[in-house]
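Asker: So that we are looking at the same thing, I have put the structure below in structure tokens.
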Amino acid sequence: MSKYRARHCTKCNYFIGFALAKPSAKIGEVRVSNFCLNCNYKLPVHSIINGVRRPAPGLRRSELRLVHSTPRVSSLVPEGEIRNSDMDTKITPADYARHLRAIGQDLEVLHLSYFNLEFTGDGYLVWVKSADSSESSKPLLRISKTRLQKLWRNRTPARAIGHEESYPISPSQTGRRIRYSVQELDRIEREQRARRGRQSGKADGHSLSQLLRTLGDLIAQRSETLLGIAWQELSIGVVVETPKGRKEIEVYRPDNLYDLWVRMYLRRDNRAFLDTPR
């Protein structure tokens, strides 16, 4: 597992991961590696120079006084209704596993091999690049998809339940974003719960929904705040904010997440066995 520091990308406003190489001496040149998880943009910084660090001269600041103020409440809506609406839309770390599992179940019908997920505070935003760019780089995939379209000509394409919108990638390309609100995630969860009730069998630890659920459990256990997830076939970059306010990117492999899923699955299974009344 690799770990990087994280900053917002100046080009697409997603996240850039960067790391400093270990210097061979106390004073010397240190190389900087950085990359954007969404648009592959790189900062125009190749290295930094380590040297003697001198403290900046102190600046005089005027005295600041703390002002206590209460939030203004509109007279048109009762105060109790505003508080209830805030509680319904607020997402806590304890909700990450449940919400990410529902998003994974919805994205599984699209058969995506890579996407970027962003946590917006009151919902989730999934960034998906246009299929035209990926097909042009993989001609074999384009041929196989054309053949499938001939076989399944009358079948409607799968769509996500979340709200879709387009966004520009470049002057000639556009992508799409899928927004998931709390209400839409609750709807997906109810439908999947009813479907699981009619079916029998164990959970698939290799599925997208279970791996995303594992990430949500892991982030909640560490008391971190989810910022984003960059999903690819061979690597998953997770952007979090630590309790100390430091933004970091941890890169996992799918087999790493599967091992974590097995541990958490056995832990939940044992907890359910111990909670069974006798």
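Asker: Across segment 1-38, what is the total count of residues that are among the hydroxyl-bearing types (Ser, Thr, Tyr) and modelled with pLDDT under 85?
Answerer: Quick first cut of segment 1-38, residues among the hydroxyl-bearing types (Ser, Thr, Tyr) only: 2, 4, 10, 14, 24, 33.
Now drop any that are not modelled with pLDDT under 85, which leaves 2, 24.
Qualifying residue count for the region: 2.
Asker: If a residue has to be out of contact with any Phe, Trp or Tyr (no Cβ under 6 Å at 6 or more places or on another chain), under 16 Å from residue 237 (Cβ atoms) and of a type in the set (A, V, I, L, M, F, W, C) to count, how many in segment 98-116 make the cut?
Answerer: Number satisfying all stated conditions: 2.
Asker: Going through segment 201-218 one residue at a time, which ones are over 19 Å from residue 91 (Cα atoms) and among the charged types (D, E, K, R)? Break it down stepwise before answering.
Answerer: From segment 201-218, those over 19 Å from residue 91 (Cα atoms) are 201-208, 210-211; that's our starting set.
If the condition is that a residue be over 19 Å from residue 91 (Cα atoms) and among the charged types (D, E, K, R), then 202, 204 are the ones that fit.
The values are calculated or read from the model by the stated rules, or taken from the named source; none is laboratory data. Values in this document were obtained by computation on a predicted structure and should not be read as measured data. Every residue, glycine as well, gets a Cβ built from its backbone with ideal geometry; the counts of neighbours run over all protein chains shown.
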